[in-house]
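Quick notes on the structure that follows.
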Amino acid sequence: MGIRNMFGRKNTIEKLSLRELQAEEIRLRNRLERLKKDINQIEKKKKQLFQEGIGADKLKKKMLAQEIKSLDMEQKLKLKDFTTAQKQYTLIKNLIIVKKYEKELRKTGVWEKLNSVEPEELEQALIKINLDGKEFDEMVDSLNRVFEMEVAEFEETEDQTERELMKAWSQVEAGEADVEDVAEKVVSIDRKLEDEEL
């Protein structure tokens, strides 16, 4: 059905069916797998082209450099698609969990709150939280945070990334770490993909 169609109506959560959400989850999971495979294939091709340039003449290196740059751009676009699909997947997983607990959520009053939120706001909130594997009470707490607009949990994740970068720069500047090793750990495409899978 597609996520945009799901969130185009009022009282969205009420009208969504579990079957519809599960079908979308499978579609998105397959899309993520295809994108991941494509990104890895591009990475291999870039490394292969780099190897071809070792010992080659200047013209060949220029040609290879252009091809590598083109592949790099393609890889970044695929990574952007991957990130978008990952957010959509998180949203759908969370909606499935919410729908499975619908009866219990009605008893706590959270269901009415979910229905009163504008579809766009609900979508953004359900992308930012992870309900997978949480006990019912934890799930209710997470959903309630959405309505209380407590974003400290999400900001903490951003702060962690910033702290990692600051620490890495300090280590390199002090000569305590190698630039390549640190770059691989902190900002590589592989690292971003690993983080997305967590």
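Structure notes:
- Stretch gain in nm, segment T83-R34, where the contour uses 0.36 nm per residue and the Cα spacing is subtracted: 16.3 nm
- Measuring r between the beta carbons of K61 and E118 and using R0 = 41 Å, the FRET efficiency lands at 0.15.
- Excluding same-chain neighbours fewer than eight residues apart, the lysines reachable from K62 by a Cα-Cα span under 30 Å are K36, K37, K44, K45, K46, K47, K76, K78, K80, K185, K192.
- Heavy-atom SASA rank of R19, R31 (probe 1.4 Å, accessible area, largest first): R19, R31
- Backbone N under 14 Å from the E52 label point (7 Å along Cα→Cβ), restricted to the range 58-91: 59-72
- Mean Cβ count within 10 Å, highest first, over the residues of peptides 43-50, 23-30: 23-30, 43-50
The values are calculated or read from the model by the stated rules, or taken from the named source; none is laboratory data. What you see is a predicted model; the values in this text were computed from it and never measured. Please note: Cβ atoms are built from the backbone with ideal geometry, for glycine as well, and neighbour counts cover all protein chains shown. The accessibility values were calculated without ligands, DNA or RNA, using every heavy atom of the protein model including side chains. Shrake-Rupley method; radii C 1.70, N 1.55, O 1.52, S 1.80 Å.
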